[in-house]
1. If the requirement is being open to solvent by less than 90 Å² (accessible area, probe 1.4 Å), modelled with pLDDT of 80 or more and small (Gly, Ala, Ser), which of these qualifies: ALA54, ALA88?
2. What pairs come out if I take residues in region 57-80 that are among the aliphatic types (A, V, I, L, M) and pair them with residues that are open to solvent by less than 100 Å² (accessible area, probe 1.4 Å) whose C-beta lies under 8 Å away, six or more apart or interchain?
3. Among VAL62, VAL47, which is under 30 Å from MET26 (Cα atoms), open to solvent by less than 90 Å² (accessible area, probe 1.4 Å) and in contact with an Asp or Glu (Cβ under 7 Å, 6 or more places away or on another chain)?
Amino acid sequence: MPKLMLNARSGHGRDPVGRNHNYPAMYEPDSKPEGPEAPEKANLWRVYLEEANAYDTHAGMVDNFQTILDSVLVFASLFSVVITTFIATRTSKVLRPDSAHAWKITASLLVETNQLLRAA
């Protein structure tokens, strides 16, 4: 977050990139507040939006987050591929029945299917 060099009492000052923080001169005073909350047209919201936009674009915060997120997603996808390959190669040996046993299973299933068809 950029350090502001301003007089807190007057609200005057400039930050390191030269933005003006003389809010009384930049905005006319608000009308009488209607209640305990700030109305939609209050200067508070305009000042907030301008400061947030300036901070986001100056600091490159959005671009930095996008770069970091891209890196994390690439790492996560590569990690997923490596782990999936490792697990698939290790478990495929365990999941495959030996060929002699596979023929017996297939033959018994064909016999059972044939018996079911004849019974119907």
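1. Details: ALA54 fails: modelled with pLDDT of 80 or more.
ALA88 is the lone residue from the list that is open to solvent by less than 90 Å² (accessible area, probe 1.4 Å), modelled with pLDDT of 80 or more and small (Gly, Ala, Ser).
2. ALA59/PRO2; MET61/TYR55; VAL62/ASP56
3. VAL62
The values are calculated or read from the model by the stated rules, or taken from the named source; none is laboratory data. Just so you know, these numbers come straight off a predicted model, no measurement behind them. Heads up, the Cβs are rebuilt from the backbone with ideal geometry, glycines too, and the neighbour counts pull from every protein chain shown. Protein only, heavy atoms only, side chains kept; ligands, DNA and RNA dropped before computing areas. Shrake-Rupley method; radii C 1.70, N 1.55, O 1.52, S 1.80 Å.
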